[in-house]
1. Being of a type outside the set (Ser, Thr, Tyr), at pLDDT below 85 and either open to solvent by less than 90 Å² (accessible area, probe 1.4 Å) or over 24 Å from residue 130 (Cα atoms) (or both): is that true of residue 55 here?
2. Note down all Cβ pairs under 8 Å where the first residue falls in region 16-37 and is under 23 Å from residue 5 (Cα atoms), the second is among the hydroxyl-bearing types (Ser, Thr, Tyr) and assigned to a strand (DSSP E or B), and they're at least six residues apart or on different chains.
3. Quick test for you: out of 135, 146, 156, 111, pick the one residue that is modelled with pLDDT of 90 or more, within 22 Å of residue 49 (Cβ to Cβ), in contact with a strand residue (DSSP E or B) (Cβ under 9 Å, 6 or more places away or on another chain) and surrounded by fewer than 15 Cβ atoms within 10 Å (Cβ to Cβ).
4. Tell me yes or no: at least one residue of region 59-77 is surrounded by 12 or more Cβ atoms within 10 Å (Cβ to Cβ), modelled with pLDDT under 85 and not in a strand (DSSP E or B).
5. Any residue in region 36-56 that is polar (S, T, N, Q) and over 30 Å from residue 171 (Cβ atoms)?
6. Is it the case that some residue within region 85-96 is loosely packed, with under 14 Cβ neighbours inside 10 Å, in contact with an Asp or Glu (Cβ under 7 Å, 6 or more places away or on another chain) and in a loop (DSSP other than H, G, I, E, B)?
7. What pairs can you find where one residue is in region 45-71 and of a type in the set (D, E, K, R), the other is surrounded by 11 or more Cβ atoms within 10 Å (Cβ to Cβ), and their Cβ atoms are less than 6 Å apart, with a gap of 6+ or different chains?
8. Give me a count of the residues in region 4-29 that are open to solvent by 50 Å² or more (accessible area, probe 1.4 Å) and either closer than 20 Å to residue 80 by Cβ or assigned to a loop (DSSP other than H, G, I, E, B) (or both).
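The values are calculated or read from the model by the stated rules, or taken from the named source; none is laboratory data. All figures in this text were calculated on a predicted structure; none of them were measured in a lab. Glycine gets a Cβ as well: all are built from the backbone with ideal geometry, and neighbour counts include every protein chain shown. SASA here: full protein model, heavy atoms, side chains in, ligands and nucleic acids out. Shrake-Rupley method; radii C 1.70, N 1.55, O 1.52, S 1.80 Å.
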Amino acid sequence: NTSAEPLLAGLASIFNDDSYVSSTQLQLVSPGESFICPLGMDNKVKVSFAHKDGKVVINNIPFAGNTESVLATNTIKVKNNRDVPISRLIIRDAVPAGQDPVKVLLKTPAELATVANAEETVKIAEGAVARWSKEKTNSREEGLIEWVLENVESGEEKKVELAWSVEVPQGFTWSYGS
């Protein structure tokens, strides 16, 4: 709250470009105090998501037995149809967490596999970094990833990719899910 007056507790209506978006319940916010207020969906920002599983590959490993592996890829595109740039856009996704005998290896962004915590980032493009999510303290173990795009210009489309391989003993049945 940057004003000299408190924001009183109660129902707040959220508008975006003179259009009603949603409403939320606010608590009392004193001058200088920070608060979180969900702003709802912005219909001028288009987000698309595509998941693709590759073909299963049989790996013959001498003295260790055969394994099966598959490469999976998530592609997320964000297009800014607003008249102004979007600054500091955060995109979140997750790579599955494997438990023995399922092994999950992060392939893209590959450099993120060497990063220990959410304070470290990996540059994926000019003005774009990837990191383990700051939403949870164990985000690396849970596979929670964030891309931070510093600026998405009006009319611009940005794309991020998350790829991983899943390796299991040959014949082992598995699936994505909880």
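1. yes
2. The qualifying pairs are 23/13; 37/24.
3. Numbers: 135 fails: modelled with pLDDT of 90 or more; 146 fails: surrounded by fewer than 15 Cβ atoms within 10 Å (Cβ to Cβ); 111 fails: within 22 Å of residue 49 (Cβ to Cβ).
The conditions single out 156.
4. No, region 59-77 has no match at all.
5. yes
6. The answer is no; no qualifying residue exists.
7. Close Cβ pairs satisfying both conditions: 46/79; 52/73; 53/70; 53/72; 68/56; 68/168; 68/170.
8. Selection size over region 4-29: 11.
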